[in-house]
Structure formats: structure tokens, C-alpha cells
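First comes the structure, then the notes that go with it.
No value in this document is a laboratory result; all are computed from the given coordinates. Computed from a prediction, not measured in an experiment: that's the story for all the values here. Cβ placement follows ideal geometry from the backbone for every residue including glycine, while neighbour counts extend to all protein chains displayed.
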Amino acid sequence: MRYEIAVLERIHPSGLSIINKFANLKYLLVYKRKNYLSKIRNSFGIIIKSATKIDEEFLDCAKNLKIILRAGTGLDNIDLRLLKKRG
């Protein structure tokens, strides 16, 4: 089974080629937040950098989300308390 991973921000192709070996990448780079929220419902994972905010609205739309891949440093755009609460 190959999982769906949504790519929400620009990531260097060399990093994505590794992930592409075991998952189906769904590129949502050109969408604004309100548009991609409806497209991540079935995504097992997402790939983000610093622009994407992982908050309650995001998690309510990403019903199957199990993995958040954060390229870069820092976690200030991810609500860790909410993620822990939701398991």
C-alpha cells in the first residue's frame, strides 16, 4: 500500500524523490489555504516548511493525517499541544 503525502510547500526535488519511492505525492503548491484544506482529507502525511500553519482548522480537514514532515527548523507554525491532545 502506498500512502498519499500532500506537498504543501516547495521542497527540493532530491528530498521528494526519496519519499516518492514509498508514497504517492500529491502536489498542492499552487493552492491557497482555503483551497487545499478540502484536498488533504485523505492524506496520510503532509510536507511543509514554515508558511503552512497546522492548527485546529487544518487538523479538522485532515482526517487521516498521521505524519507531518517539517523541512527546516523550528515548530512555531505547528500547534504541538493540539497534536498531543489529538494523539
### Query
Which of Phe22, Phe44, Phe58 moves the most in a Gaussian network model of the chain with Cα springs under 10 Å?
Phe22
## Note on the structure
Residue span Ala71 to Lys34: 0.36 nm per residue of separation minus Cα-Cα distance leaves a gain in nm of 11.1 nm
### Query
Given (i) 32, 28, 25; (ii) 46, 27, 19; (iii) 51, 31, 23 as candidate values of Cα extents along the principal axes in Å, which corresponds to the one derived from the coordinates?
(i)
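With a sphere of radius 13 Å drawn around the Cβ of Val7, what net charge do the other residues whose Cβ falls strictly inside it have (Lys, Arg +1; Asp, Glu -1)?
Details: positive: Arg10, Lys26, Lys39, Lys49, Arg70; negative: Glu4, Glu9.
Counting the neighbours of Val7, the net charge comes to +3.
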